[in-house]
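The values are calculated or read from the model by the stated rules, or taken from the named source; none is laboratory data. Please read these numbers as outputs of a predicted model, since none were measured by experiment. Every residue, glycine as well, gets a Cβ built from its backbone with ideal geometry; the counts of neighbours run over all protein chains shown.
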Amino acid sequence: MWDVEGNQYLDFFGGVLTTMIGHNNPAVTEAIQSQASKVLHTSTLYLSEPMIELAEEIGSASGIPNARVFFTTSGSEANDTALMLATSYRNSNEILAMRHSYHGRTFATQAITSQSTWLSSRISGLSVNYVQGPYRLRSPFQDMEDEDFTKACVVDLQQILDTATTGNVACLIFEPIQGVGGFAIPPMDFTER
């Protein structure tokens, strides 16, 4: 890619993680042109054939019997929707999130993000507590082997549940691999514990 002054760069960023499709990828350009000639935009209130087909494919791949699919236009909106569903279902505003996490740029997702450099506001109607996630670098857990690290994270989670919540937590939200938090990959059995 080139900047406005003609300097050439090798792009290792490619946009915000979810847009890594390359620059001027012919297959992507063709797919966009094809879809734009049919239906460019419609609300999720009205169904279109591609939407139905994709929902069926996602539902089938999920392995969840009678899965339901709800489309959003961004990860921030998806996380907002998940928060709305969890807090409504549990009738609780208590959320657990991982330290060093990033969940989006909306009002609600800012409240659950644990990266001060990405925050514009800490004002929120959510009660958020942060637990140890997979990030180990520059932490008290940096020298631990996977098994001990996972055990320490479980202890941290239990302590937060016991001391900082009412016990009626709406949800725990986490990234399987923390991106903004340093591409921290958890041990294999981290989520099972």
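Suppose the filter is assigned by TED's automatic domain parsing to the domain that holds residue 164 and closer than 28 Å to residue 149 by Cα; does residue 98 pass it? Answer is yes for this residue. Residues satisfying the criterion are absent from segment 35-50 (criterion: among the acidic types (Asp, Glu) and surrounded by 10 or more Cβ atoms within 10 Å (Cβ to Cβ)). For segment 176-185, the set of residues classified as part of a loop (DSSP other than H, G, I, E, B) and either over 24 Å from residue 84 (Cβ atoms) or touching an Asp or Glu at 6+ places or on another chain (Cβ under 9 Å) (or both) consists of 177, 181, 182, 183, 185, listed by residue number. Restricting the first member to segment 181-193 and to residues that are more than 12 Å from residue 132 (Cβ to Cβ), and the second to residues that are in a loop (DSSP other than H, G, I, E, B), the beta-carbon pairs closer than 7 Å and six or more apart or on different chains are 182/100; 182/135; 182/137; 183/177; 185/134; 185/177.
Restricted to helices (runs of 4 or more DSSP H) entirely inside segment 63-175, those with at least 1 residues that are crowded, with 17+ Cβ neighbours inside 10 Å and either among the small types (Gly, Ala, Ser) or in contact with a Ser or Thr (Cβ under 7 Å, 6 or more places away or on another chain) (or both) are 75-90, 107-112.
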